[in-house]
Amino acid sequence: MTEQGTVIKIDDSVITLTCSRSEGCKSCNSSFCSSKSRTFQAENTPDLPVQTGDTVEVFLEPWKAVLAGFQVLILPLILFIAMYLIAENLLGFGGEGANVLMGLAGLVMGFGLSLLISKFKRKTDLPRLTRIITATR
């Protein structure tokens, strides 16, 4: 996915951008940049000479978006089901309520695990700066 943004902060190879509403935004409404005031970080891996105020293009690899969706949505759901089944079959909890509580504990563990994964992988999952569209020089 390709998006445009304006550089508002530069910190070594990580830049902070604010979204620019492009023509494609009218039809897309992507959650990546659907609000006008949304800021996000990107990595300047090609070490382009960007400055604050430049309009740039960034690219987020599709597999990273799919993986993020899996991590946030599917992982907690899988842990909910797993903990529910463990409570029902292995631990032998008698009531449905106890099984559901164990399932909810699995859901919370899934969201916690998702948060930890994203915290440690934050820099590797950043969109990549591809080019400078307009420079402020």
Discussion item. Of the residues Gly97, Gly69, only one is more than 30 Å from Thr45 (Cβ to Cβ) and free of Cβ contacts under 8 Å to residues at least 60 places away in the same chain; which?
Written reply: Gly97
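What helices (runs of 4 or more DSSP H) lie completely within the range 1-94 and have 1 or more residues being modelled with pLDDT under 80? Walk me through it before giving the result.
Details: elements: 25-28, 62-69, 75-85.
In the range 1-94, the matching helices (runs of 4 or more DSSP H) lie at 25-28, 62-69.
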Worksheet entry | Condition check for Asp54: in contact with a helix residue (DSSP H, G or I) (Cβ under 8 Å, 6 or more places away or on another chain), surrounded by 13 or more Cβ atoms within 10 Å (Cβ to Cβ) and closer than 24 Å to Ile15 by Cα | no
Discussion item. Being among the aliphatic types (A, V, I, L, M) and touching a Phe, Trp or Tyr at 6+ places or on another chain (Cβ under 7 Å) is the filter here; which residues of the range 105-132 pass it?
Written reply: Leu107
Fill in: Qualifying position, being surrounded by 14 or more Cβ atoms within 10 Å (Cβ to Cβ) and either in the same structural domain as Asp47 (by TED's automatic domain parsing) or of a type outside the set (Asp, Glu) (or both), among Ser114, Ser118
Ser114
Item to complete: Give the range 1-20 a look and list any residue that's free of Cβ contacts under 8 Å to residues at least 40 places away in the same chain and buried (at least 20 other Cβ atoms within 10 Å of the Cβ), or say none.
Response: Cys19
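The values are calculated or read from the model by the stated rules, or taken from the named source; none is laboratory data. Here the structure is a predicted model, which is why all the values come from computation and not from measurement. Positions of Cβ are backbone-derived with ideal geometry, glycine not excepted, and every protein chain shown enters the neighbour counts.
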